[in-house]
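Below: the structure, in structure tokens.
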Amino acid sequence: MSPIKNKISQLFKSKKLNVFVLFFIISLTILILSKLSQNYQGTLVFKVKPTNAKETQVILNDTSNQLKITLDTYGFKWLRYAVSKPIVEVDLESDVILKDSILIWTEKKGFSNISKQFGKDIKVININPDSLVFRYDINQVKKVPVKADLDVSFLQGFNTLDSIKVTPDSIKLIGPASLLKDIHFIKTKHKSFSDLKGNVDKPIQLVVDSISDEVKVESNMVQFHLEVSKFTEGVVTLPVTIVNVPEGIKINYFPKQITVKYATTINDFNSISEEDFKVECDYANSKNKSYLIPKIVASPKNVKNIRLQEQQIEFIITQQ
């Protein structure tokens with residue numbers, strides 16, 4: 001075996017073999033180039049992509065729509081179809097006829113547009129079948145609210161006067177009525193914001209995975225904006241007003257004043273006064289009890305977490 005191995009090794013080291021391999025590669029390259037430079041006819045299956053549908057139309061997916069197209073071109077041109085999935089566009093504005101609520105593409109109307117997609121070096125010989133049917137539904141527009149799936153917490157001493165919401169608060173959907181009727185809202189992706197001490201302004205993605213591809217969603221993003229401020233606590237003492245006391249009845253009640261606590265931003269603290277609040281008790285809601293329930297009926301917009309120190313107002317009827 002050793003002499004045989006030596007002969008093979010010497011053969012591969014031989015300059016004659018190297019020259020032979022070089023000439024073989026050159027010959028093979030010339031042969032391939034020669035073949036690719038010749039004209040060939042062949043038939044390929046093309047997927048069909050409908051274009052230029054009217055805004056009021058939704059073309060329903062139909063994977064069976066394909067065209068077998070016979071082409072005449074150089075071998076080099078065939079290489080592009082060997083490495084990619086062939087697709088041709090069908091113009092639903094100029095190359096179809098409307099019949100019985102369906103769109104019918106015909107070779108007679110659409111041959112020219114199909115040919116233009118291949119360029120001048122590729123000749124379209126034949127297209128089969130000679131017609132295609134596209135089903136469609138009428139677009140409807142529906143606005144649905146956006147539900148913010150957001151968890152927000154603040155660093156101690158910080159808070160916000162804003163509610164948790166996103167912009168825009170509703171999204172427009174365009175699609176078949178049969179698909180829109182069961183869509184009542186769109187949620188944001190779940191996101192957590194913790195220990196906030198500064199403003200938030202971030203885009204949030206919408207969850208649209210479950211929505212059909214036949215439904216156009218106006219946007220798949222919304223903006224979450226939140227003003228975060230340093231907060232402090234305020235306290236005011238307010239007179240209690242009794243309303244809806246029947247004519248002829250006089251009552252005495254205690255306490256006559258009530259303490260109200262609230263939270264607001266440091267910047268707004270000095271602008272808030274007792275006159276901005278009002279506490280009332282509705283006698284009509286006493287239901288023969290010996291106490292009334294105080295409620296805040298007026299308060300400034302720039303406060304939150306309003307708390308009444310007393311939850312009941314004792315009263316007695318002094319005259320009837």
Can Val152 be described as at pLDDT 95 or above, assigned to a strand (DSSP E or B) and either exposed (fewer than 12 other Cβ atoms within 10 Å of the Cβ) or in contact with a His (Cβ under 7 Å, 6 or more places away or on another chain) (or both)?
no
Listed residues Ser219, Ser163, Ser192; which is more than 30 Å from Asp72 (Cβ to Cβ), in contact with a strand residue (DSSP E or B) (Cβ under 6 Å, 6 or more places away or on another chain) and either of a type outside the set (D, E, K, R) or open to solvent by 70 Å² or more (accessible area, probe 1.4 Å) (or both)?
Ser192
Considering only strands (runs of 3 or more DSSP E) wholly within the stretch 87-146, the ones with at least 1 residues that are over 12 Å from Ile69 (Cβ atoms) are 87-91, 96-99, 102-106
Just checking, which of Leu36, Leu31 is modelled with pLDDT under 70, among the aliphatic types (A, V, I, L, M) and open to solvent by 90 Å² or more (accessible area, probe 1.4 Å)?
Leu31
Please determine, by comparing only the residues of the stretch 299-314 that are closer than 14 Å to Pro255 by Cβ and touching a residue at least 60 places away in the same chain (Cβ under 8 Å), which one is most open to solvent (accessible area, probe 1.4 Å).
Glu314
Only listed residue being more than 30 Å from Lys189 (Cα to Cα) and among the charged types (D, E, K, R), chosen from Lys143, Lys147, Lys116, Lys165:
Lys116
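Quick grid of which residues meet (1) open to solvent by less than 80 Å² (accessible area, probe 1.4 Å); (2) assigned to a strand (DSSP E or B):
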site: Val240; (1), (2): yes, yes
site: Asn252; (1), (2): yes, yes
site: Thr259; (1), (2): yes, yes
site: Asn270; (1), (2): no, no
site: Val279; (1), (2): yes, yes
site: Lys289; (1), (2): no, no
site: Ile316; (1), (2): no, yes
Any idea which residue in the stretch 124-149 is nearest to Val90 (Cα to Cα), counting only those that are surrounded by 14 or more Cβ atoms within 10 Å (Cβ to Cβ) and in contact with a helix residue (DSSP H, G or I) (Cβ under 6 Å, 6 or more places away or on another chain)?
Ile127
Matching option when the condition is under 14 Å from Asp151 (Cα atoms) and either at pLDDT below 95 or outside any strand (DSSP E or B) (or both), among Ile164, Ile183:
Ile164
Go through the stretch 225-238 and count every residue that is of a type in the set (D, E, K, R) and surrounded by 16 or more Cβ atoms within 10 Å (Cβ to Cβ).
0
Being farther than 15 Å from Val141 by Cβ and among the acidic types (Asp, Glu) is the filter here; which residues of the stretch 197-221 pass it?
Asp201, Asp209, Asp213
Can you tell me which condition Glu247 does not meet? The list is (1) farther than 29 Å from Leu196 by Cβ; (2) assigned to a strand (DSSP E or B); (3) among the acidic types (Asp, Glu), and all the others hold.
(2)
Restrict the check to the stretch 203-215 and report whether at least one residue is open to solvent by 90 Å² or more (accessible area, probe 1.4 Å), over 30 Å from Lys295 (Cα atoms) and touching a residue at least 60 places away in the same chain (Cβ under 8 Å).
yes
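The values are calculated or read from the model by the stated rules, or taken from the named source; none is laboratory data. Keep in mind that what you see is a predicted model, and the values were worked out from it rather than measured. Note: ideal-geometry Cβ built from the backbone for every residue, glycine included; neighbour counts use all protein chains shown. Note: accessible area is taken over every heavy atom of the protein model, side chains too, but ligands, DNA and RNA are not part of it. Shrake-Rupley method; radii C 1.70, N 1.55, O 1.52, S 1.80 Å.
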